[in-house]
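Where a number appears in this text, it was derived from the coordinates with a stated rule and is not lab data. These numbers were taken from a predicted model, which means no experiment stands behind them. With ideal geometry, Cβ positions are generated from the backbone for all residues, glycine too; neighbour counts draw on all protein chains shown.
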Amino acid sequence: MTVCTTLANGVRILSRPLPGRRSAALGFWLLNGSRHEVHGQHGYAHLLEHLLFHGSGRFADHFEALGGHVNARTMRELTAFHGLVTGDRLRLLARLFTSMLLDPRLGAAELAAELPAVGHERRMASMSPWDEQEAFALRRVWDGHPLACPILGAGDALRAVSPAAMQEYCAERLRGPSIWVVAAGDVHHDELVEACQALERLPAGKHRTPPPPDFTPRALHGPASGDGSDLLWVMPVPALGDPSYPALLLAEQIAAGAPLSARLQRELRERLGLAYAVESRLELYTDCGLWWIRVQCEPGREAPCITAVESVMEALVQRGPTREEVIHNLTQLQARWTLEEEDPECVMERIAHEIACLDRVTALNERLARLAALDPDDIRHALADAWRRHARFVWGAGKTRRASNGDRF
């Protein structure tokens, strides 16, 4: 069972003991990402993560002395400081993370140390065709919304950043209700609360979150990148708390998400031999989501690949999955989720994301019961709602076309 304590300023501390474990996963989660940046702040969320976590290097030796591993990452809505350590060192890691948030170092020396690292990270990301393609697609389907802004920053905002600007940004973001601490594994809740009690010194009050974006379907074709062609479909999907989400989850598994049995895998790889693999993922935010399907093929095979993918999806929309497919994927998800319940890091991550998206924690039995209540028609309707608004992007050897809105790439 997950135990939760809420401090006076709104910071939530949650723990899930896992009997028999000697390790513990800990995450300090902030409701802060590229979504929360305004004009002139692009890249601030990621830079703040660097400044808090690395700072002047004051915590590096302490983190390494814990053993295990400790890291941080910035996402579109969340920033996470997380680690896996032995249970007897969990309180020390919690105290280090607490000190990190309560005493941020955001001066000129720290900016001078971290800005080159952030710049290098940004340059490395620009060398990845997939990262560039995903960024391009986001700008087109979520035109102008902060969720579409690059996590690593855009434009010259970071060139002009000052200590005063980062201090103001940090003070606005580090607020009690926007922070939750999650631990799973060999954890004692009262000891965790005691280690984090000083977080109560942070101010209360949430910062503003922009409303969800509008999704714009598009079909764009661009020049080949690298040795092959890349085909990308993007669809809007409901958030985790939406009643239709469980049906969409099964639809994704049946269509593309299961690595061996999904319809797209069988059609493109086994029956037609057009592509080796299909990549599929659901990306969820607090109030919206995306479904990405990506296929890589040889130049010149773009047209038959597109036809195959869209024929499979249309067939599922028209006729739905078979009862056998539903049962197979239910069984697979049950096994996967049961295994994840054994892993402290998986449990910690799931609880953290549920707090962000649902403002509560669900039990395994509850999640499985929602899936088991579905029938093929539920799944077909969820798939149809997503697919009818899909966008398609093709980076291939074919002739570049100009879209009706003038976009070209």
Inset, instruction - Assign unit charges at the C-beta atoms only (+1 for Lys and Arg, -1 for Asp and Glu), then state the dipole size of the range 3-201 relative to its Cα centre in Debye, rounded to the nearest 20. - result: 220
Legend entry - Cα lying deepest toward the dipole's positive end in the range 219-395, options Gly222, Cys288, Ala251, charges on Cβ: Gly222
Legend entry - Tilt relative to the chain, helix 108-126 - C-alpha long axis, 0 to 90 degrees, to 10: 10
Legend entry - Cα lying deepest toward the dipole's positive end in the range 219-395, options Ser261, Pro304, His381, charges on Cβ: Pro304
Legend entry - Backbone N within the range 278-297 under 16 Å of label point (7 Å from Trp130 Cα along the Cβ vector): 278-283, 291-297
Inset, instruction - Using the Karplus curve 6.51 cos²θ - 1.76 cosθ + 1.60 with θ = phi - 60°, work out ³J(HN,Hα) for each residue of the range 242-252 in order, rounded to whole Hz, and write x for Gly and Pro. - result: 6, x, 8, 4, x, 5, 5, 4, 5, 4, 4
Legend entry - Footprinting exposure proxy for Glu200, Glu77 (fewest neighbouring C-beta atoms within 10 Å first): Glu200, Glu77
Inset, instruction - Would you mind counting up the charge near Ile293? Only other residues with Cβ under 10 Å from its Cβ, with Lys and Arg at +1 and Asp and Glu at -1. - result: +1
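Which percentage, to the nearest 5, of the DSSP beta bridges contained in the range 219-395 is antiparallel? Intermediate values should be presented prior to the final figure.
Values: 22 of 26 bridges.
Given both bridge residues lie in the range 219-395, the antiparallel proportion sits at roughly 85 percent.
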Legend entry - Calculated FRET efficiency for the pair Glu283/Asp227, C-beta based, R₀ 25 Å, to 0.05: 0.40
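Taking other Cβ within 10 Å of each residue's Cβ, how do Cys4, Cys357 sort, fewest first? Numbers along the way, then the final one.
Working: Cys4 15, Cys357 19.
Result, fewest neighbours first: Cys4, Cys357.
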Inset, instruction - Please identify, among Leu111, Leu339, Leu152, the residue showing maximal mean-square fluctuation in a Gaussian network model of the chain using a 10 angstrom Cα cutoff. - result: Leu339
Inset, instruction - Given the options Leu52, Leu368, Leu264, state which has the largest fluctuation in a GNM of the chain using a 10 Å cut-off (strictly under) for Cα springs. - result: Leu368
Inset, instruction - Along Cα→Cβ, 7 Å out, is where each label goes; now give me the distance between the ones at Glu191 and Ala171 in nm to one decimal. - result: 3.8
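Convert 20 °C to kelvin, take the viscosity as 1.002 mPa s, use the Kirkwood radius over C-alpha pairs of the range 219-395 as Rh, and evaluate the Stokes-Einstein diffusion coefficient in µm²/s, rounded to a whole number.
Diffusion coefficient, whole number: 126 µm²/s.
So how do Leu14, Leu174 line up by other beta-carbon neighbours within 10 Å, fewest first?
In order of increasing Cβ crowding within 10 Å: Leu174, Leu14.
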Inset, instruction - Counting only DSSP beta bridges with both residues in the chain, tell me the antiparallel percent, nearest 5. - result: 80
Inset, instruction - Measure nothing fancy, just the Cα-based angle from helix 302-319's long axis to the longest principal axis of the chain, in degrees from 0 to 90, nearest 10. - result: 80
Legend entry - Between 0 and 90°, nearest 10: helix 376-387 axis offset from the chain longest Cα axis: 80
Inset, instruction - Positive end of the charge dipole of the chain (Lys, Arg +1 and Asp, Glu -1 on Cβ, about the Cα centre): tell me which of Asn9, Ala157, Met348 has its Cα farthest that way. - result: Ala157
Inset, instruction - Please give the per residue volume of the convex hull enclosing the alpha carbon atoms of the range 3-201, rounded to a whole number of Å³. - result: 129
